[in-house]
């Protein structure tokens, strides 16, 4: 039956994928991000919160868990123990948790299955909720939370209390009389297949995505296409350049980005420094890491050494090797971190916010 439907529907679906695909459009992304940020500032509490960063505040940002049904298509399954270890650390160390979208894989799975097979992780997140340390932002793969009238009720049954779902958040603080804004959103804004009106979102989440999953005919999205990843990150960076004293943090592409450079670009920068100081051991280690990571990236920006540090990406919590990445934020600094499966936390990059705001001029 599936093969017959594939034969009949292949061309129409490919046509629709081409028409409504997630290939990033600069004008749409720019407009969507600008409108969302402005809306949150002018109407805090509706589409997003505005939070003043105070001394002692600590946030961890994770995105793109893509929790599934513990089957061969579940990208999160292998990373779950690592994710749970990370949440335990952040809970015990008084971090607030921002879950930045695509937490549940609701394009490929029913909510019933996701709820059934992820009880342990939902319980770990519930600890943050019970202490008012949890913020949930939706992405394109968990649109159900905002396009289903009963989304709030489903979440209440999972977590035991109501959980507000936002499209974005703003953290802000003042450094030497200058206000720094940290704007967080999933990053699918401007995507024609998942950032339209209520009907288009409903159609994608309830009809389009399940149909493609059943037929096993999937269009490219930034999460899985290296060329789209690179282009999407570039557009996000270009938008962030036009904002005054603003850092943009997204997920969506599954590519960690720190100070506007991808992890691979950071490795190339590290290699240049190691060669400058003739550090043979570090040269060897970095070249080995570059070899492993190159397959995940389409290209290196020609100006990666001159990029302004305005764009960050949390990466994802579903790497095939079980590793997860995220971003830590305090009132003093911002860090890109990786939790290596079985080895614990590693800091991939750290920067003082006071130094970043000087470079954003």
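Check whether at least one residue in region 106-114 is within 18 Å of the chain's Cα centre (by Cα), assigned to a loop (DSSP other than H, G, I, E, B) and within 25 Å of residue 253 (Cα to Cα), and report yes or no.
yes
Restricted to region 236-255, and to residues that are touching a helix residue (DSSP H, G or I) at 6+ places or on another chain (Cβ under 6 Å) and modelled with pLDDT under 90, which residue is surrounded by the fewest Cβ atoms within 10 Å (Cβ to Cβ)?
255
Considering each of 20, 7 in turn, give the residue that is crowded, with 17+ Cβ neighbours inside 10 Å and at pLDDT below 60.
When all the criteria are applied, what remains is 20.
Test residue 326 against the criterion of being surrounded by 16 or more Cβ atoms within 10 Å (Cβ to Cβ), closer than 28 Å to residue 65 by Cβ, modelled with pLDDT of 70 or more and within 21 Å of the chain's Cα centre (by Cα), and give yes or no.
Yes.
Could you check, for region 74-94, whether at least one of its residues is at pLDDT below 90, surrounded by fewer than 13 Cβ atoms within 10 Å (Cβ to Cβ) and more than 26 Å from residue 354 (Cα to Cα)?
Looking for residues that are at pLDDT below 90, surrounded by fewer than 13 Cβ atoms within 10 Å (Cβ to Cβ) and more than 26 Å from residue 354 (Cα to Cα), one finds none in region 74-94, hence no.
When you look at residue 110, is it out of contact with any helix residue (DSSP H, G or I) (no Cβ under 6 Å at 6 or more places or on another chain) and modelled with pLDDT of 95 or more, yes or no?
In short, no.
Quick one: what pairs do we get from region 173-198, first residue farther than 19 Å from residue 311 by Cα, second modelled with pLDDT under 75 and part of a loop (DSSP other than H, G, I, E, B), C-beta under 7 Å, 6+ apart or different chains?
193/21; 193/22
For (1) assigned to a helix (DSSP H, G or I); (2) touching a residue at least 24 places away in the same chain (Cβ under 8 Å); (3) closer than 23 Å to residue 164 by Cα, each residue gets a yes or a no:
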residue: 70; (1), (2), (3): no, yes, no
residue: 74; (1), (2), (3): no, yes, no
residue: 79; (1), (2), (3): yes, yes, no
residue: 89; (1), (2), (3): yes, yes, no
residue: 97; (1), (2), (3): no, yes, yes
residue: 102; (1), (2), (3): no, yes, yes
residue: 123; (1), (2), (3): yes, no, yes
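Would you be able to say whether some residue in region 127-134 is at negative phi, crowded, with 18+ Cβ neighbours inside 10 Å and part of a helix (DSSP H, G or I)?
yes
Here's a check for you: in region 154-175, which residue that is touching a helix residue (DSSP H, G or I) at 6+ places or on another chain (Cβ under 7 Å) and loosely packed, with under 14 Cβ neighbours inside 10 Å is nearest to residue 251 (Cα to Cα)?
162
The values are calculated or read from the model by the stated rules, or taken from the named source; none is laboratory data. Here the structure is a predicted model, which means the values were calculated and not measured. As a convention, Cβ positions derive from the backbone with ideal geometry for all residues, glycine included, and neighbour counts pool all protein chains shown.
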